[in-house]
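Okay, structure first, notes after.
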Amino acid sequence: MEQTTLGIGTRLQHTHFGPGVIVGIRYATYLISFINHGIKEIDKTDNKLEEIIPENVSSEIETHSEVEMSLLKILRLWGGLTETVPLGDKWIKGILLLQPADKSLKPKEIPIEDFFHKIVMLRDRLRVLEQNINSSKTLNDEEKVNIQQYITRCYGSLTTFNVLFKNKEHWFVGEKGSKED
């Protein structure tokens, strides 16, 4: 791509990372939020980038929900905002009971809503950690990949809690469920 004067909000297509939106501009690079790959720093002259011209976008290419999800990702990263994630209906007003093996000890009861909130906060913090790793200037690509693999394994360890989520799109996905290259 020859164009080096694109602004924040410009939609781009990258041959490897797919569609994205410019969320930051540096001297020689763009910070681009890719729908499936998070924020990446891409050289302004990268020949794998192509501007998406709005008149070429149709409802088959982009839906409102995809736009909303992309904006939520950007807001979560830059604004410290968290997405409202609904708890599965069957768990509302439920209690998580932790019963020690020793029956003489008192069990611990935790409202499922409180436990679920902590799980969602953990998920959001892992996402922010991923974004910070991906945009790090001090880590090389190999280090980023190695750390990213650990985070993916963390997501995999947390898939047990997917049963609490109302919508599948909020689930944790580990290595087996990942569709990335």
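The values are calculated or read from the model by the stated rules, or taken from the named source; none is laboratory data. These figures come from a predicted structure and were not determined experimentally. Every residue, glycine among them, receives a Cβ derived from its backbone with ideal geometry; neighbour counts consider all protein chains shown.
Brief remarks on what is shown
- Yes/no for LEU96 being at pLDDT 85 or above and farther than 30 Å from TYR30 by Cβ: yes
- Residues being among the β-branched types (Val, Ile, Thr) and either modelled with pLDDT under 85 or closer than 19 Å to GLY88 by Cα (or both) - total across the stretch 151-167: 3
- Conditions (1) under 19 Å from HIS37 (Cα atoms); (2) buried (at least 16 other Cβ atoms within 10 Å of the Cβ); number of the one not met by LEU158: (1)
- Of residues in the stretch 82-114 being hydroxyl-bearing (Ser, Thr, Tyr) and under 24 Å from the mean Cα position of the chain (by Cα), the one surrounded by the fewest Cβ atoms within 10 Å (Cβ to Cβ): THR84
- Residue check, LYS137 basic (Lys, Arg) and either modelled with pLDDT of 90 or more or not in a helix (DSSP H, G or I) (or both): yes
- No other residue among ILE32, ILE25 is modelled with pLDDT of 85 or more, surrounded by 14 or more Cβ atoms within 10 Å (Cβ to Cβ) and either under 23 Å from LEU139 (Cα atoms) or in the same structural domain as PHE161 (by TED's automatic domain parsing) (or both) apart from ILE32.
- Residue in the stretch 168-181 that is modelled with the lowest pLDDT, counting only those that are assigned to a loop (DSSP other than H, G, I, E, B) and not small (Gly, Ala, Ser): ASP181
- Those residues of the stretch 89-121 which are touching a helix residue (DSSP H, G or I) at 6+ places or on another chain (Cβ under 9 Å) and either in contact (Cβ under 8 Å) with a residue 60 or more places away in the chain or part of a loop (DSSP other than H, G, I, E, B) (or both), in sequence order: TRP91, ILE92, LYS93, GLY94
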